[in-house]
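**Q** Sharing a structure with you now.
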Amino acid sequence: MLGLPRSALYYRPQKKVNNDAIIKRINEVFLSKPYFGYRKITAVLRRENHAINSKKVRAIMQGLGLKAIYCKPNTSKACAANKVYPYLLKDLAITRKNQVWATDITYVKIAGKWHYLVAIIDWFSRYILAWNLSENMEVEFCTETLKEALAAAQPEIFNSDQGSQFTSKEFVQILQKRGIKISMDGRGSYRDNIRMERLWRSVKYEEVYLKEYKNMDKAVAQIGLYIAEYNGFRPHQSLNYQTPSAVHFAA
């Protein structure tokens, strides 16, 4: 009757949110707890009296390319016919290089198609011993990578997930012939191989997500440069800010 729009009559101006401060805090929480998803990070922010909902946190995290560490789909398809070995690293003090090696597979998108990246690291030094990129998930690209790493040294224990590539007869026999103990993560227990999960986080956020690979050659070249930098230049807080290369070869 008064000719007033409802929005003008009932609207109450909202308190302005400092987006820069929110984004900074989301980054801080995620870096300290990379296994927190947007719901848990929202809870942390609300506990600190930030007026924000989970949808906003999720949008910010997606924009920043932040994704919680968890067991990834499809890269670790088990084969019921293959033997699964027990996890040997629980409560094990890892104090020297070549005591434990670990491996895993992750996704890399090249020219709009998914490809697969495998790497083997020394658990103690975080040094990347060998890696390979493949268009498919056949066992051959994993065995080739293992043979390349074993050409220089060998571990006492080799840890992987229960994926069919790592439980395959071809892969297991290479380890058994050298007398290497085989360790495998518990089913769905990504934290059993947390070193590899942290490596993939670094590779993706510092290299893969920043690039658009047009073909396999470009991807191999760029990822190769990053891994060389990761080993020989990038300081690691967990290594007292030394590089994996310095720790591995000094040891």
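**Q** In segment 222-230, is there at least one residue being closer than 23 Å to ALA151 by Cβ and among the acidic types (Asp, Glu)?
**A** yes
**Q** What are the pairs, 6+ residues apart or on separate chains, where a residue within segment 126-141 that is on the phi > 0 side of the Ramachandran plot has its Cβ under 8 Å from a residue that is crowded, with 20+ Cβ neighbours inside 10 Å and modelled with pLDDT of 95 or more?
**A** ARG126/PRO244
**Q** If you check ILE180, ILE157, which single one turns out to be surrounded by fewer than 19 Cβ atoms within 10 Å (Cβ to Cβ), over 21 Å from GLU229 (Cα atoms) and among the aliphatic types (A, V, I, L, M)?
**A** ILE180
**Q** Could you tell me which residue of segment 22-54 is surrounded by the most Cβ atoms within 10 Å (Cβ to Cβ), considering only residues that are in contact (Cβ under 8 Å) with a residue 12 or more places away in the chain and farther than 16 Å from LEU66 by Cβ?
**A** Within segment 22-54, the match that is surrounded by the most Cβ atoms within 10 Å (Cβ to Cβ) is HIS50.
**Q** Sticking with this structure for a sec: Please pick out the residue among LYS147, LYS214 that is of a type in the set (D, E, K, R), in contact (Cβ under 8 Å) with a residue 40 or more places away in the chain and exposed (fewer than 14 other Cβ atoms within 10 Å of the Cβ).
**A** After applying the criteria, what remains is LYS214.
**Q** Taking ALA228 and the conditions (1) buried (at least 16 other Cβ atoms within 10 Å of the Cβ); (2) more than 26 Å from GLY63 (Cα to Cα), which numbered condition does it fall short on, given that it satisfies the others?
**A** (1)
**Q** Further, regarding this structure: If you go through segment 232-239 one residue at a time, do you hit one that is modelled with pLDDT of 95 or more and of a type in the set (S, T, N, Q)?
**A** Among the residues of segment 232-239, not one is modelled with pLDDT of 95 or more and of a type in the set (S, T, N, Q), which makes the answer no.
**Q** Out of the residues in segment 82-107 meeting the condition of being of a type in the set (Val, Ile, Thr) and surrounded by 21 or more Cβ atoms within 10 Å (Cβ to Cβ), tell me which one is farthest from ASP217 (Cα to Cα).
**A** VAL100
**Q** Considering only segment 233-251, how many residues are of a type in the set (S, T, N, Q) and out of contact with any Gly (no Cβ under 8 Å at 6 or more places or on another chain)?
**A** 4
**Q** Take the residues of segment 66-124 that are aromatic (Phe, Trp, Tyr) and assigned to a loop (DSSP other than H, G, I, E, B): which is modelled with the lowest pLDDT?
**A** TYR70
**Q** Further question: Please determine, by comparing only the residues of segment 202-211 that are open to solvent by less than 50 Å² (accessible area, probe 1.4 Å) and not hydrophobic (A, V, I, L, M, F, W, C), which one is nearest to LYS33 (Cα to Cα).
**A** SER202
The values are calculated or read from the model by the stated rules, or taken from the named source; none is laboratory data. Quick caveat, the model's predicted, so the values are computed rather than measured. Glycine gets a Cβ as well: all are built from the backbone with ideal geometry, and neighbour counts include every protein chain shown. Only protein heavy atoms, including side chains, enter the accessible area calculation; ligands, DNA and RNA are left aside. Shrake-Rupley method; radii C 1.70, N 1.55, O 1.52, S 1.80 Å.
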